[in-house]
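Scroll down for the structure; my scribbles are underneath it.
The values are calculated or read from the model by the stated rules, or taken from the named source; none is laboratory data. Because the structure is predicted, anything quoted here is derived from the model rather than measured. Cβ placement follows ideal geometry from the backbone for every residue including glycine, while neighbour counts extend to all protein chains displayed. Side chains are part of the model used for accessible areas, which takes the heavy atoms of the whole protein and leaves out ligands, DNA and RNA. Shrake-Rupley method; radii C 1.70, N 1.55, O 1.52, S 1.80 Å.
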Amino acid sequence: MTTIQMKQLHKKYGSHHALKGIDLSLPKGSLFGFIGPNGAGKTTTIRLLLGMLRPTSGQVRIFGENCWRGDARLRKRVGYLPGDLKLPTFYSVAEAAGVATRVYGRPLEKAFHELAEYFELDPEVPVARMSRGMRQKLGIIMALAHDPELLVLDEPTTALDPLVQGRLTDLLRRRAANGATVFFSSHVLGEVSDLCRRVGIIRAGTLVADEPLDQLRKRARRRLTIVWAEDETPPAPPDFLTLEQNDGRGRHYTMEGDAPALLAWLRDKKVDDLSLSEPDLDDLFRSYYREEAP
Amino acid sequence: MIDRGLFYKCYRETRTMGLLFCGGLFAFEFFLSAVLPMFNDQVSSMLEMPFIRVMFSAMLGMDLGDSIAAEAMAAFAWVHPAILILIWTQVAIYSVRLPAGEIGRGTFDLILAMPVSRQRIYATHTMLGLAWGILLMVCGVLGSKLGALAFDETGLRNSILFPVVLNLFALYLAVGGISMLVSCIFNRKGSALGLVFGVLIATLILNFLVQLWGPAGDLNFLSLLEYYRPMTIISGAWPVTDMLVLTTIGAVCWLIGGQVLKNKDIPVL
């Protein structure tokens, strides 16, 4: 079952073409990371998804329903955390629970208090006396409390300490395992790669990549250091290696591709030592952010 | 029609302001109802001065002649500029807080994320505005009655007070409708309030200008105060047409505002 479906989605603000034909389909239970630099179109995509903006052309659907003209009850199935979260000053966990209970038409106080306990947030403190991190926790609780089938989170870890970030990640994984779809927008690669199984990269209104994180890892460059044996003349590197630094017997390379090719190349060569780093996703993403995609 | 949760949220956010305005109107009406009759003779003698007479005529919507009756003096408590400014300020500030105020504050996203349609959000906000308007009128009437009672004055008869307050409530609806339309067009509360107060100040100025400069009379139909004239009520006429005009202005603006909101892109500011 498809939770989110975007087809040739375009959005223009006057002469500015903010989204240039986004195609995306997310099945139920996806953990999707949506990343891109500031101004790339992440927030516009999210606002189209939530029916706050009308597409210039193309389609955006949630659970098969048109997001712009769809029934408001559709949003009972969606939890949303805005990127630049602003809350009413009288809100506390208890007050927000009271409002949500009335709006959603079912008791949510228990869920609010359980989540507040999980995120260690005092339920009685009003927003006016909250720190930024506390407000962010309340925003997350409001997005999660009604147990939505789709979670749209725009920069959710902003202002959260690493411990709380970890708790949020755990909770989102559990929700996804129970069938919820998570649309996780960020410009920080680390938090996306920790959580998401699939990643979309948006740049200048275009989705330049949309693939499983494992695939991206395979394409990411790694740093390779080989200390050649004394009686071995370091050979010219093959296509998948680029020599970056020469320290005599020690040679530093960047490697594209996976390990079997490297092992095949080294099979008949004498090596004293070798170290291979984790795939450098940061580098790969930076290459997407640059003017020309790889 | 309305959403209970959103109604409660709007109420909590406007409670302090609303109660302050209600208290203010109560106090003003109490004070004016108690004090104005004491100055009846002085005001009558002041009316011999043409400029003062023009000012009173502009406020009450009818030429008073050379003297002012006690009832006309009591009616002045319902057209005093301070009263009008108080009521207009309340309704304008309340009306522009959604959507313009919420968009400007960045809190409208959370409202739109709720399972409530834009029309229902608009209707809920309107219903609370109407409730505040009714409470404001009730506080005004209570202030007026208690003020007269406390100082042993007669005040306005109920048969006059009731249509005056209804006419004032129609004026409240007109200003509210205009403010909500402006709020749906603009994305910032400040800009919306600026335009609404511009319209209201123009109304006040036009109302006085008509008394001072004859040709301005042709434009008087544009002034909202042309449709709020307590003196005509004191003279025995029910201001049905005036109330209809004001209510229609409010309703048409409100309906257009609703359509604007329904089709509006909600930006991030």
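Among the protein heavy atoms, those of B:MET38 account for about 100 Å² of accessible surface (1.4 Å probe, every chain in place). With every protein chain in place and a 1.4 angstrom probe, the accessible-area ranking of A:PHE32, B:PHE26, A:PHE63, largest first, reads B:PHE26, A:PHE63, A:PHE32. When the protein assembly as shown is described by a simple charge dipole with +1 on each Lys and Arg Cβ and -1 on each Asp and Glu Cβ, the residue from B:VAL199, A:SER25, B:THR89 located farthest towards its positive end is A:SER25. Give the interface area between chains B and A as buried accessible surface, both sides summed, probe 1.4 Å, in Å² to the nearest 100. Approximately 2400 Å² gets buried when B meets A. Residue ranking by accessible heavy-atom surface, 1.4 Å probe, largest first, among B:VAL164, A:VAL227 comes out as A:VAL227, B:VAL164. Secondary structure note: in the protein assembly as shown, about 70% of the DSSP beta bridges are antiparallel.
Determine the dipole magnitude for segment A:196-294: charges of +1 sit on the beta-carbon of Lys and Arg, -1 on that of Asp and Glu, nothing else is charged, the reference point is the Cα centre, and the result goes in debye to the nearest 20. Its charge dipole is roughly 340 debye. Evaluated at q = 0.16 Å⁻¹, a Debye calculation over the C-alpha positions of segment B:1-58 (equal weights, vacuum) places log10 I(q)/I(0) at -0.69.
So which of B:LYS9/B:LYS145; A:LYS76/A:LYS110; A:LYS7/A:LYS86; A:LYS28/A:LYS110; A:LYS218/A:LYS270 end up more than 29 Å apart by C-alpha? Pairs exceeding the cut-off: B:LYS9/B:LYS145; A:LYS7/A:LYS86. Overall, segment B:142-269 carries a charge dipole of about 380 debye about its Cα centre when +1 sits on the Cβ of Lys and Arg and -1 on the Cβ of Asp and Glu, all other atoms neutral.
Given axes a ≥ b ≥ c from the Cα gyration tensor, I'd like to know whether segment A:145-205 is rounded (a/c under 1.5), prolate (a/b larger than b/c) or oblate. Verdict is oblate for segment A:145-205. Taking the average, over residues, of other Cβ atoms within 10 Å as the packing measure, peptides B:146-157, A:190-201 rank A:190-201, B:146-157 from highest down.
Considering only A:PRO156, A:HIS113, A:ALA128, the residue lying farthest towards the positive end of the dipole of segment A:103-165 is A:ALA128, judged by Cα position with unit charges set on Cβ. With contacts taken as Cα pairs under 8 Å and at least 6 residues apart, chain A reaches a relative contact order of 20 percent. Give the carbon-plus-sulfur fraction of the accessible surface of the protein assembly as shown in %, rounded to a whole number; probe 1.4 Å, heavy atoms of protein chains only. It is 57 percent, rounded to a whole number. For the segment B:3-16, counting C-beta atoms of other chains within 10 Å of every residue's C-beta and taking the mean gives 4. Highest mean packing comes first when the peptides A:9-17, A:139-147, A:102-110 are listed by Cβ atoms within 10 Å, giving A:139-147, A:102-110, A:9-17.
For A:LYS12, the aspartates and glutamates whose Cα falls under 14 Å of its own Cα, not counting residues fewer than eight places away in the same chain, are B:ASP265. What's the center-to-center distance, using Cα atoms, between segment A:71-132 and segment A:43-68 in Å? Spelled out, the Cα-based centre of one part sits 24 Å from the other. For chain A, rounded, prolate or oblate, judged on the Cα gyration tensor with a ≥ b ≥ c (square roots of eigenvalues), a/c < 1.5 rounded, else prolate if a/b > b/c? Prolate, because a/c is 1.5 or more and a/b exceeds b/c.
If you wrap the Cα atoms of segment A:178-294 in a convex hull and average its projected area over all directions, you get 9.4 nm².
Per residue, the average separation of C-alpha pairs within less than 8 Å and at least 6 apart gives chain B a relative contact order of 29 percent.
Phi-derived couplings, Karplus 6.51 cos²θ - 1.76 cosθ + 1.60 at θ = phi - 60°, listed residue by residue for segment B:240-256: 4, 4, 4, 5, 5, 4, 4, 5, 5, 4, x, 5, 5, 4, 4, 5, 5 Hz, with x used for Gly and Pro. Across the protein assembly as shown, the volume of the C-alpha convex hull divided among the residues equals 191 Å³ per residue. Ordering A:VAL78, A:ILE202, A:LEU172 by Cα displacement along the dipole of chain A toward the positive end leaves A:VAL78 in first place; charges were set at the Cβ atoms of Lys, Arg (+1) and Asp, Glu (-1). Only protein heavy atoms count here; under a 1.4 Å probe, B:CYS139 has an accessible surface of about 20 Å².
DSSP bridge analysis restricted to chain A gives an antiparallel fraction near 70%, rounded to the nearest 5. Convex hull volume per residue, computed on the Cα atoms of segment B:223-269, equals 85 Å³. In a reduced charge model with +1 at each Lys and Arg Cβ and -1 at each Asp and Glu Cβ, the protein assembly as shown shows a dipole moment near 1320 debye about its Cα centre. Sequence-distant contacts, meaning Cα pairs under 8 Å at least 6 residues apart, place the relative contact order of segment A:145-250 at 19 percent. Taking a ≥ b ≥ c as the square roots of the Cα gyration tensor eigenvalues, with a/c under 1.5 meaning rounded and otherwise prolate when a/b beats b/c, else oblate, which class fits segment B:76-233? Oblate. When peptides A:277-288, A:178-189 are ranked by their average number of other Cβ atoms within 10 Å per residue, the highest-first order is A:178-189, A:277-288. With a 10 Å cut-off around each Cβ of A:79-91, the average count of Cβ atoms from other chains is 5. Averaged over peptide A:46-59, the number of partner chain Cβ atoms lying within 10 Å of each residue's Cβ comes to 3.
Relative to one another, the C-alpha centroids of segment A:134-197 and segment B:86-122 are positioned 28 Å apart. Across segment A:20-31, coupling constants 3J(HN,Hα) worked out from phi with the 6.51/-1.76/1.60 Karplus curve, θ = phi - 60°, read 10, x, 7, 10, 7, 9, 10, x, 4, x, 6, 10 Hz, and Gly and Pro carry x.
From largest to smallest, the equivalent ellipsoid semi-axes obtained for segment A:33-109 from the alpha-carbon gyration tensor read 26, 18, 10 Å. Taking all protein chains together and a 1.4 Å probe, the residues B:ILE83, B:ILE249 rank B:ILE249, B:ILE83 from largest to smallest accessible area. Label positions at B:ILE134 and B:ASN158, each projected 7 Å from the Cα along the C-beta direction, are separated by 1.9 nm. Only alpha carbons enter this Debye calculation for chain B, each as an equal point scatterer, and the log10 of I(q)/I(0) it gives at q = 0.09, 0.15 Å⁻¹ is -0.44, -1.07.
Per-residue surface analysis assigns A:TRP68 an accessible area of about 30 Å², computed on protein heavy atoms at 1.4 Å probe radius. How much net charge surrounds B:ALA77 when only other residues with a Cβ under 14 Å from its Cβ are counted (Lys, Arg +1; Asp, Glu -1)? Overall, the nearby charge balance is -1. The helix-based estimate of mean residue ellipticity at 222 nm for chain A, built from -39,500 (n - 2.57) per DSSP H run of four or more residues and divided by its residue count, is -9000 deg cm²/dmol to the nearest 500. Excluding A:THR157 itself, calculate the net charge of residues whose Cβ lies under 15 Å from the Cβ of A:THR157, where each Lys or Arg counts +1 and each Asp or Glu counts -1. Cβ neighbours under 15 Å give a net charge of -1.
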